[in-house]
Amino acid sequence: MTSRAAIALVYTGLLLMGLLFISPIAFMLAGSFKPDARVLMEAGEWRAFWPAEMSLQNYRDVFTRVDFARFLWNSLLINGAIVGLGLLVNALAGYAFARLAWRGRDLMLSLVLAVMIIPIEAIAVPLFYLVSLFGWRDTYLVQILPFIANAFSIYLFYTYFIGMPRELEEAARIDGAGVLRTFFSVILPNAKAVFASVAILTFLTQWGAFLWPLMVTSSESVRPLPLAIATFHSLPPLQWGDIFAFGMMMVLPVLLIFLVFQPWFVRGVAATGIKG
Amino acid sequence: MAGVEYRHVDKTYPDGTRALSNLCLSVGDGELMVLVGPSGGGKSTALRLLAGLDPISGGEIWIGDECVNALSPQRRDIAMVFQNYALYPHMTVRRNLEFPLRMMRLGRSATAARVNDTAALLGLTPLLERRPRELSGGQRQRVAMGRAMVRQPRVFLMDEPLSNLDAALRTQIRAEIAGLQRRLAITTVYVTHDQVEAMTLGDRIAVLNAGRLQQVGPPQVLYDRPANTFVAEFLGNPGMNILAAGLSRDRRSLQLRSSGWEIPLAELPQRCRELAQHLAGPFLVGLRPEAFSPRLGTTTEMIVETVESLGHERLVTVRPAADTKGGGQTSLVARLRGGQAEGAGQKIELGLDGEQLRFFDEQGDLMG
Ligand SMILES: Nc1ncnc2c1ncn2[C@@H]1O[C@H](COP(=O)(O)OP(=O)(O)OP(=O)(O)O)[C@@H](O)[C@H]1O
Ligand SMILES: [Mg+2]
């Protein structure tokens, strides 16, 4: 076999894999534009992926049947706060682990690493009692606060800062900047890549959060999209087209976030001004 | 402006590495002191302690009339040029130069004036709006110098600032640094492992090895009268030849052991004769490569091992013809000029200039 044929084979394989993974989303996208009756009717054929008659009716229905805007706002607020505050807190923590000398640092770092493997499901019940005790149930706060400090994010920041040339910070210290000033004026602008990665990862993992919001919220006014789509699903009449439209609108912010932060991956890496 | 003083400074790193032991060194106001020594000698450590980047384990460091042990780097009023320049990659040259002034909260117009002056002085004016990655190595080096100078600090610290440049540029910028330092008269501590840089640049040189100060003094003094065999071998390119030596049984001639060289004391200068009279056991003799010459006093036959021609002179490695074993220990390097170039394996006659003989005791310390 020539190497050309081999390459063609590999690409065909990859293409098929890609199609396999993208097909549910394509199905959802196509279905969200179809009248409800056709969604199931065409499910078994190629037209499943092709809306013959385009219509935005399903999207309109979502807005009239439930207060979609409200849920979207809740999700954006909660996730925005988790990502924003998380970047600040975890970056500072990672920096403290990487660069500041303080008593008990190494012990704390191993603790953070150990905590990384504990999933939310394992601590959900005791955490539930704790927040109930504080009277925080059914608030935004209870959906934000437990997820700001994040062991994995701290670890990502830590490894990035450890690898940054020390001289940059030392130069800033000598030039008269204090620790925080050094962090914000010199470290942060040169660590955009890790900030972008952490932002995307946090957003991706938190956007679909289901168990915890289900446990701690009861009113629609603070509930996020994943709970809303579950309720929507069981809201008669069962309309697959509407559910797909709902799903599409839920996925869209994730794509947007990715597009916004993605260029920073590349730029951050290319921008080291240190010679060597 | 102020002098710098290390008083019995010790440094042990957290992992137990002892990087400096009892360093006592004072740098005069406006002086350019070069710290030189082999890798791992403790030069950077000495500089970092002075900058306040690492905590000191023992002793005191003074800048002017102030003990700075407890001061953080930003309160020491020093500036530093790093080996890799450590320019802020996300800032333009102008912003880089402004940064220390902004930290001082200098007014806007004063900041601009100082940045422009410094840029003009270093020829950076056309580059002010560029970022570090858009500059050549030499230009980056200049920006790093500028960022240090713009502050008008009490002390300049430089850690191998030229080691990332090519040879021609290094010579040029070395001269510029010397000129600037003299003009600004700012106390400077300059670290290098390059002994040529040390010799040409320093008002005084301090040689550090394994965390200990070996000798400090003006370059010529260190070259002519090295305090011990370490300094003797380290300074000069190549360094001094150190040979085991003793007196002949009748105490009338100097024998260079394992080289078969025997020089009648009568041929040596007065100073050497007097010194030799007091010597009992074995000792060491040091000879600079330029101390050798064909046809000079009592000559000895040598076999040429290698010849490195530098154009105007040749570095000739020789071993005594009498010693058939060969081997590194008994080889000498001689710096020869003029005449015919030697070939490897050829036999030549070499004599030596007694004026240039240095005597060291068995511990390697200079005698006389
Ligand atoms: N952060 C550190 N932790 C532990 N040991 C260190 C640290 N920094 C330096 N050392 C050790 O201290 C000794 C002196 O190092 P230093 O960097 O001062 O040497 P140097 O003279 O500057 O060498 P070079 O010419 O290679 O730069 C070396 O043995 C080195 O391994
Ligand atoms: Mg060093």
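All of the numbers you see were taken from the coordinates with simple rules; none came from a lab. Please read all numbers here as calculations on a predicted model, not as lab measurements. Cβ sites come from the backbone with ideal geometry, for glycine too, and all protein chains shown count toward neighbours.
Key figures for this structure:
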read-out	value
Subset of segment A:137-188 (residues that are aliphatic (A, V, I, L, M), within 14 Å of another protein chain (Cβ to nearest Cβ) and surrounded by fewer than 19 Cβ atoms within 10 Å (Cβ to Cβ))	A:179, A:180, A:188
Strands (runs of 3 or more DSSP E) (entirely within segment B:273-321) containing at least 2 residues that are touching a Ser or Thr at 6+ places or on another chain (Cβ under 6 Å)	B:300-309, B:314-320
Yes/no for residue B:114 being within 30 Å of residue B:205 (Cβ to Cβ) and crowded, with 18+ Cβ neighbours inside 10 Å	no
Residues within segment B:82-97 that are more than 7 Å from chain A (Cβ to nearest Cβ) and surrounded by fewer than 24 Cβ atoms within 10 Å (Cβ to Cβ), tallied	5
Only listed residue being away from ligand 2 (no atom under 16 Å from the Cβ) and outside any helix (DSSP H, G or I), chosen from B:181, B:214	B:214
Residues of segment B:36-55 that turn out to be more than 13 Å from chain A (Cβ to nearest Cβ) and either assigned to a loop (DSSP other than H, G, I, E, B) or touching an Asp or Glu at 6+ places or on another chain (Cβ under 9 Å) (or both), as a count	9
Verdict on residue B:25 being in a strand (DSSP E or B) and either within 16 Å of ligand 2 (Cβ to nearest atom) or surrounded by fewer than 23 Cβ atoms within 10 Å (Cβ to Cβ) (or both)	yes
Residue satisfying condition, being surrounded by fewer than 18 Cβ atoms within 10 Å (Cβ to Cβ), more than 16 Å from ligand 2 (Cβ to nearest atom) and touching a residue at least 40 places away in the same chain (Cβ under 8 Å), within set B:58, B:40	B:58
